[in-house]
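The values are calculated or read from the model by the stated rules, or taken from the named source; none is laboratory data. Fair warning: this is a prediction, and the values are worked out from it, not measured in the lab. Here the Cβ is made from the backbone with ideal geometry for all residues, glycine too, and neighbour counts use every protein chain on show.
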Amino acid sequence: MESNNTLAVFEGNKIRKTWHKEEWWFSVVDIVEALTDSENPRNYWSMLKVREKESSRIELYTLCVQLKLKSADGKKYNTDCTNTEGAFRIIQSIPSKKAEPFKLWLAKVGYERVQEIQDPEKTIHYYYVAFVNNIFIYLKDNKIVTLASHVEG
């Protein structure tokens with residue numbers, strides 16, 4: 001990996017991210033800014049932590065670590081960052097229309113996971129059918145070759 005600091009883009013908003021402990025970590029303030037209309041995303045993040053602690057007794061800061069990320073002025077500053085799992089949890093706490101698609105997607109994925117746990121056979125069948133239906137096809141010497149025929153010889 002050339003650089004372990006980079007940007008993710010969500011609906012035109014840049015979200016700083018860095019590679020840490022074998023996974024991506026994202027700037028929480030950038031996530032908040034992307035999902036809210038707040039003029040001060042740092043303050044929004046501070047208030048969100050307080051509100052969540054009061055309402056659900058969850059300390060959102062425990063999902064974060066401070067990592068040095070480059071700021072707009074080009075300098076690196078300690079920034080609250082979270083991994084993907086933590087980002088999903090924080091997004092669940094944001095009361096914003098922009099966050100709703102994420103929340104709906106998380107609910108769908110959660111439902112599907114429960115279904116997989118209740119009936120593992122469906123999961124195995126689903127992935128087998130998906131594999132068979134998506135066997136790789138490519139051209140070799142102007143002939144169509146499938147993964148199956150390539151493996152067989």
_Every residue from segment 59-83 that is closer than 18 Å to K103 by Cα and in contact with an Asp or Glu (Cβ under 7 Å, 6 or more places away or on another chain)_ = L60, N83
*Select, from E100, E85, E121, E112, the only residue that is modelled with pLDDT under 80, under 27 Å from L63 (Cα atoms) and either within 17 Å of the chain's Cα centre (by Cα) or of a type outside the set (S, T, N, Q) (or both).*
E112
*Identify, please: which residue in segment 39-58 is in a loop (DSSP other than H, G, I, E, B) and modelled with pLDDT of 90 or more and is, among those, surrounded by the most Cβ atoms within 10 Å (Cβ to Cβ)?*
N40
_Let me confirm something: among K75, K70, K53, which residue is under 20 Å from E23 (Cα atoms) and charged (D, E, K, R)?_
K70
_Inter-residue pairs, beta-carbon under 6 Å, first closer than 17 Å to V28 by Cα and in segment 48-59, second surrounded by 11 or more Cβ atoms within 10 Å (Cβ to Cβ) and among the hydrophobic types (A, V, I, L, M, F, W, C), 6+ apart_ = K49/L60; E52/I58; E52/L60
*Could you list, in sequence order, all residues of segment 71-114 that are in a strand (DSSP E or B) and exposed (fewer than 15 other Cβ atoms within 10 Å of the Cβ)?*
K76, Y77, N78
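State yes or no: is W19 under 13 Å from T79 (Cα atoms) and either over 16 Å from the mean Cα position of the chain (by Cα) or outside any loop (DSSP other than H, G, I, E, B) (or both)?
Considered against the rule, which asks whether it is under 13 Å from T79 (Cα atoms) and either over 16 Å from the mean Cα position of the chain (by Cα) or outside any loop (DSSP other than H, G, I, E, B) (or both), W19 comes out as no.
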